[in-house]
1. Name the pairs whose Cβ atoms lie under 9 Å apart, with the first residue in the range 37-62 and over 16 Å from L27 (Cα atoms) and touching a residue at least 12 places away in the same chain (Cβ under 8 Å), the second among the small types (G, A, S) and surrounded by 13 or more Cβ atoms within 10 Å (Cβ to Cβ), and 6 or more positions between them or separate chains?
2. I'm trying to understand the selection: among the residues of the range 1-43, which are exposed (fewer than 10 other Cβ atoms within 10 Å of the Cβ), under 23 Å from S60 (Cα atoms) and modelled with pLDDT of 90 or more?
Amino acid sequence: MSRKGNCYDNAVMENFFGIMKSEFLYLNEFESVDHFKLELARYIDYYNHKRIKSKLKGMSPVQYRAHAQQVA
């Protein structure tokens, strides 16, 4: 954990969980824990491979990382 008063260490994960809850968790109903796990795996795949972000120049996170590696 970081020093007291330094909030930036968890900011990325807190942002992801906020987006995940609003786009995935609150909009769906799950029949069982196994169904939830399956749908969560699908959402994470969607988030990383298909969901475009304006901060990443209109690319998905995986596309952006691949592009950044090619440029470097």
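1. N48/S60; H49/S60
2. Y26, L27
The values are calculated or read from the model by the stated rules, or taken from the named source; none is laboratory data. Please read these numbers as outputs of a predicted model, since none were measured by experiment. No Cβ is skipped: glycine too gets one built from the backbone with ideal geometry, and neighbour counts run over all protein chains shown.
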